[in-house]
Amino acid sequence: MSQSRPETTNELAEQARASNVEMSERVCLDMSHFKSVLRHLRKVDDNIILRMNATNTAAAGECQIMFGVLQTAYARRDHDIEYCLRVLDRKIDERRAENTPSFSLQTQRRWLNGEHGVERIVRRRTLDVFRTRCPFFELPKEYIDILESKQR
């Protein structure tokens, strides 16, 4: 069994929760560490695609499980990005109050805010595969909107 390619849905679910990955202020303020954490958290999408290509997804139960894993992964990444945006906003405000330049923090915040766009692309790609492999699974409207958005 390889860690980069979980073989069971339980392993995929654990990878989506990423309970072994800590998000902290320190991680938020270290761009290269944060990028590494995001890469790790996005592996679940790649593994879901591999798993779906190797599994009989005609069964509604399997599609439901896979979708639940995706929702968990998306919620975790959304939470982490928003948490770090709040950390950066607070640090920028502290610097302003001290009359200290915060150019690097502002640049970092702009980059981090751009991760929302990357998330849309990753989700669109994964959901496109999901919908192809689970054509009878009814996606919630918010996910259909992601698939139908024209932003690239």
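Could you sort the peptides 93-102, 16-25 by per-residue average Cβ neighbour count (10 Å cutoff), highest mean leading? Don't skip to the answer; put the middle values down first.
Numbers: 93-102: 11.0, 16-25: 14.4.
The peptides rank, most packed first, as 16-25, 93-102.
Relative contact order for the chain: 28 percent, from Cα pairs under 8 Å spaced at least 6 residues apart, divided by residue count. Rolling a 1.4 Å probe over the protein heavy atoms gives the chain an accessible area of 58 Å² per residue. Where the accessible area of the chain is counted over protein heavy atoms with a 1.4 Å probe, how much of it, in %, is carbon and sulfur? Ligands and nucleic acids excluded, carbon and sulfur reach 50 percent. The Cα atoms of the chain give a gyration tensor whose axes a ≥ b ≥ c have a/c of 1.5 or more with a/b greater than b/c, which makes the shape prolate. The average projected area of the stretch 47-136, computed from the convex hull of its Cα atoms over all directions, is 6.2 nm².
Taken along the Cα-to-beta-carbon direction at a fixed 7 Å, the label points for GLU138 and HIS40 span 3.9 nm. Entry note, the chain: the mean residue ellipticity at 222 nm calculated from DSSP H runs of n ≥ 4, each adding -39500 (n - 2.57), is -25500 deg cm²/dmol after division by the residues and rounding to the nearest 500. Taking THR126, THR107, THR72 as the candidate residues, the one with maximal mean-square fluctuation in a Gaussian network model of the chain, Cα springs under 10 Å, is THR107.
The values are calculated or read from the model by the stated rules, or taken from the named source; none is laboratory data. Keep in mind that this is a model prediction, so the values were computed, not measured. Glycine gets a Cβ as well: all are built from the backbone with ideal geometry, and neighbour counts include every protein chain shown. Calculation scope for accessible area: heavy atoms of the full protein, side chains included, ligands and nucleic acids excluded. Shrake-Rupley method; radii C 1.70, N 1.55, O 1.52, S 1.80 Å.
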